[in-house]
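Reviewing the structure listed below.
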Amino acid sequence: MNKVLPRLFTFIIGVPLFVGLVFINVYNHLPLHIVLILVSALAANEMHNMLSKQFKLQPKVLVISMTVLTTLMTSLYAIFGLHEALMNYVFMGAIMVCLAWEVITSTEFSNSNSNILTSAFTILYCGFFTAFIGRMTIIENSRMILAVYLLMVFFCDSLAWLFGNLFGKNNKGFIKASPNKSIAGFCGGFVGSVAIGVFAHFVWLDNSIFGENAPSGIIKVVILGLLTALGAIIGDLVESVFKRSSGVKDSGHLIPGRGGMLDSLDSIVFAAPIYYLSYTLLFTAK
C-alpha cells in the first residue's frame with residue numbers, strides 16, 4: 001500500500017499537472033522553462049548531497065550555479081531565438097569554470113580529480129540532460145511532442161511497475177542495481193511507451209507530428225517508443241546505482257512518498273536526450 005499511494009498520486013496529480021504545463025505555450029513555454037530551471041537546481045543540490053558522502057566536492061553554490069546556467073541558456077535560446085550552438089558553448093564553459101576554480105582555489109591537489117569529475121558530472125546529468133526538454137520547445141508542434149514524451153515516460157514507469165507486480169515474481173533479481181526489477185516489468189515499460197506513441201500517431205495524425213500514415217511511419221513510432229522506454233528504464237536503474245553507491249534510500253525528501261527530485265524525475269531526465277535525438281533523426285531529418 002505504501003507504494004500504491006505514490007503511484008496514484010502521480011497519475012491523479014502529477015501526470016495532468018506536467019502534461020498540462022506543456023500546453024501553456026506562453027512566450028514559447030515560459031512556465032515550463034521556469035520549472036526546468038528549478039528542477040535542475042534541486043536535482044544538482046541532491047546530487048551534490050549524495051556525492052558528498054563519498055567524495056570531497058567543490059562548493060555547492062558553484063556546482064548548482066553552473067548547472068542552472070546550462071539549463072537557463074536553453075531557456076533563453078528557446079524564448080528569444082538565440083543561436084543553438086550557444087547551449088553547447090555554455091555547457092563547455094560551465095565545466096571550464098569548475099576547472100579554473102580548482103586551479104585558482106586549491107592549495108593541495110589530492111582531491112582535485114574527484115572535485116572536477118563530480119562537478120562536471122553534475123552539470124551534465126542535472127543540467128545538460130534536463131536542458132533537452134527545453135530544446136523540444138523549439139520543434140514544430142512542440143506541445144504535442146512534449147506531451148507524447150512525458151506520457152511515454154510516465155506510462156513506461158507505471159506499466160513497468162504494474163507488469164512487475166502482476167507477472168514478475170519469478171523473474172526478478174537479474175539486475176543487481178535494483179533486485180526488485182523484473183523482466184516482466186521491463187516488458188511492461190516498453191509496451192506502455194510504444195502504446196502511447198502509436199495512440200498519438202493516429203490521434204494527432206493531422207498535425208503531422210509523426211509523419212504520414214504509412215507503414216514506415218508506424219515503424220518509426222515504434223522505434224521511438226522503444227528507445228524512449230530504454231532510456232527511461234536505464235535512467236531509473238542509474239538512479240538506483242547512485243543511491244546504492246552513496247548508501248542512501250532516497251536522493252532527498254522533497255516529495256512525500258516519492259523521495260527527492262531525482263527519485264521522481266530520474267527517468268524523465270535520462271530519457272530526454274534520447275527522445276529528442278531520436279525524434280529529430282526519425283521525423284525531421286531530411
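The values are calculated or read from the model by the stated rules, or taken from the named source; none is laboratory data. Small disclaimer: the values here were computed from a predicted structure and weren't measured. No Cβ is skipped: glycine too gets one built from the backbone with ideal geometry, and neighbour counts run over all protein chains shown.
Which of (1) assigned to a helix (DSSP H, G or I); (2) touching a residue at least 60 places away in the same chain (Cβ under 8 Å) is the odd one out, the single condition VAL248 does not satisfy?
It fails just one condition, (1).
Could you count how many residues in the range 94-129 are farther than 19 Å from LEU51 by Cα and in contact (Cβ under 8 Å) with a residue 40 or more places away in the chain?
Total satisfying the criteria: 0.
Do the conditions hold for MET144, that is, is it surrounded by 21 or more Cβ atoms within 10 Å (Cβ to Cβ) and in contact with a Phe, Trp or Tyr (Cβ under 8 Å, 6 or more places away or on another chain)?
Values: surrounded by 21 or more Cβ atoms within 10 Å (Cβ to Cβ): no; in contact with a Phe, Trp or Tyr (Cβ under 8 Å, 6 or more places away or on another chain): yes.
So MET144 does not fit the description; no.
Answer with yes or no whether ILE123 is modelled with pLDDT under 95 and either hydrophobic (A, V, I, L, M, F, W, C) or surrounded by fewer than 19 Cβ atoms within 10 Å (Cβ to Cβ) (or both). It would help to see each step written out before you state the result.
Working: modelled with pLDDT under 95: no; either hydrophobic (A, V, I, L, M, F, W, C) or surrounded by fewer than 19 Cβ atoms within 10 Å (Cβ to Cβ) (or both): yes.
It is false that ILE123 is modelled with pLDDT under 95 and either hydrophobic (A, V, I, L, M, F, W, C) or surrounded by fewer than 19 Cβ atoms within 10 Å (Cβ to Cβ) (or both).
Out of everything in the range 20-54 that is hydrophobic (A, V, I, L, M, F, W, C), over 17 Å from LEU265 (Cα atoms) and modelled with pLDDT under 90, what residue ends up being surrounded by the fewest Cβ atoms within 10 Å (Cβ to Cβ)?
Here the residue is VAL26.
Looking at the structure I just gave you, is SER182 modelled with pLDDT of 80 or more, buried (at least 19 other Cβ atoms within 10 Å of the Cβ) and farther than 19 Å from ILE133 by Cα?
Taking the combined requirement at face value, the residue satisfies it.
State yes or no: is GLU84 of a type in the set (D, E, K, R) and under 19 Å from the mean Cα position of the chain (by Cα)?
Against the criterion (of a type in the set (D, E, K, R) and under 19 Å from the mean Cα position of the chain (by Cα)), GLU84 does not qualify.
For the range 73-109, give me each residue that is assigned to a loop (DSSP other than H, G, I, E, B), farther than 26 Å from ILE24 by Cβ and acidic (Asp, Glu).
Correct list: GLU108 only.
Consider the range 266-286. How many of its residues are of a type outside the set (Val, Ile, Thr) and touching an Asp or Glu at 6+ places or on another chain (Cβ under 9 Å)?
Number of matching residues: 3.
Filter the range 140-169 down to the residues that are of a type in the set (Lys, Arg) and farther than 16 Å from ILE24 by Cβ and list them by number.
If we filter the range 140-169 for residues that are of a type in the set (Lys, Arg), which is where we start, we get 143, 169.
Across the range 140-169, the qualifying residue is only LYS169.
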